Amino acid sequence: MSDIFLVAVTNCPSGVAHTYMAAEALERAAKKRNIRIKVETQSSLGVENKISQEEANAAQGVILTSDIKILDSDRFEGKPTVSDYATKIIRDPDTIIEAVLELLAPSQG
Amino acid sequence: MPSLGDLVSPRVIKLDLEATEKWEAIDELASLLDQEGRLRSREAFLKAVAEREAQICTSVGLGIAIPHARCDAVKQTSVAIGRSATGIQWDPEQAETCHLILLLAVPGSEASKTYMQLLAILARSLLDDGFREGLVQAPDCEAVLELLKPIRLDVSTTED
């Protein structure tokens, strides 16, 4: 397992399908790279797998869906953050993970 | 604990949809549910699906669509599954076509939370490449059912 720890929050304008599919896609793509990730879902089912402020502080990078406003996004203030639509993350989670890793690259030496 | 396989019977699976358009496909799958006695009213169910579809487009990427409705026209929680080799355009704004359609029908008496949890489980399971490819390549309805059986439906039945 690498030392990289990412956090992500997914949501979608209505219903739950895209929220959970985007979460699953990110978890799978991170696992493939041996990267730790915690994905919070915000949907009609409420907030699940909530990211604490401590976890947000510990994370090197943040991935957010951009479909609708993320609740409590101030947890991630100042963190390298990338965002994209849930449908795009579902189709291609690798690209957004690579994008956030790229933001981290300088500090990883 | 029930599994996804419990919501499906071989007769609500159609591996070669005749439909070439979205509403034909939804109608074709709803008719399968109706013929199996899983609906009170096919028309009322289709109307509820249409209302939902008007709010959001239910294509979720990866060539999959999950149209769904919870209403009193549904007798029994069910998933009808259809495949289209040619592909069906789902979202008028996107060129991508859907090859796998899962129509979720939930009775109005079921808690909204249970309904959403079912949808979430269904959606998550489809991200598993093995499961998805299995559905696409399954030679017959029985093979589809075998793929659905291991997927546990760990849903709560209480409203909160």
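The values are calculated or read from the model by the stated rules, or taken from the named source; none is laboratory data. Since the model is a prediction, treat every value here as computed from it, not as a measurement. Here Cβ is always computed from backbone atoms with ideal geometry, including for glycine, and neighbour counts include all displayed protein chains. With ligands, DNA and RNA removed, areas are computed over all heavy atoms of the protein, side chains included. Shrake-Rupley method; radii C 1.70, N 1.55, O 1.52, S 1.80 Å.
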The range B:104-120, residues that are within 13 Å of chain A (Cβ to nearest Cβ), among the hydrophobic types (A, V, I, L, M, F, W, C) and surrounded by 18 or more Cβ atoms within 10 Å (Cβ to Cβ)
B:Leu104, B:Val106, B:Met116, B:Leu118, B:Leu119, B:Ala120
Going through (1) open to solvent by less than 60 Å² (accessible area, probe 1.4 Å); (2) within 13 Å of chain A (Cβ to nearest Cβ); (3) not in a helix (DSSP H, G or I) one by one, B:Ile81 fails only at (2)
Test result for A:Asn57, surrounded by fewer than 20 Cβ atoms within 10 Å (Cβ to Cβ), more than 10 Å from chain B (Cβ to nearest Cβ) and on the phi > 0 side of the Ramachandran plot
no
Within the range A:24-49, take every residue that is in a strand (DSSP E or B), touching a residue at least 12 places away in the same chain (Cβ under 8 Å) and open to solvent by 60 Å² or more (accessible area, probe 1.4 Å) and give me the one that is farthest from the other protein chains (Cβ to nearest Cβ).
A:Arg36
Out of the residues in the range B:85-106 meeting the condition of being more than 14 Å from the chain's Cα centre (by Cα) and part of a strand (DSSP E or B), tell me which one is nearest to B:Ser9 (Cα to Cα).
B:Ala85
Is one or more of the residues making up the range B:64-78 modelled with pLDDT of 90 or more, closer than 24 Å to A:Cys12 by Cα, part of a loop (DSSP other than H, G, I, E, B) and open to solvent by 30 Å² or more (accessible area, probe 1.4 Å)?
no
Being within 14 Å of chain A (Cβ to nearest Cβ) and assigned to a helix (DSSP H, G or I): is that true of B:Gly134 here?
no
Among the residues of the range B:36-56, are any touching a strand residue (DSSP E or B) at 6+ places or on another chain (Cβ under 7 Å), closer than 18 Å to B:Gln94 by Cβ and open to solvent by less than 30 Å² (accessible area, probe 1.4 Å)?
no
Out of the residues in the range A:65-108 meeting the condition of being within 14 Å of chain B (Cβ to nearest Cβ) and assigned to a loop (DSSP other than H, G, I, E, B), tell me which one is farthest from A:Ser44 (Cα to Cα).
A:Asp92
Does A:Ala86 satisfy being modelled with pLDDT of 95 or more and open to solvent by less than 30 Å² (accessible area, probe 1.4 Å)?
no
State all residues of the range A:1-23 that are of a type in the set (A, V, I, L, M), outside any helix (DSSP H, G or I) and within 12 Å of chain B (Cβ to nearest Cβ); if no residue qualifies, say none.
A:Val16
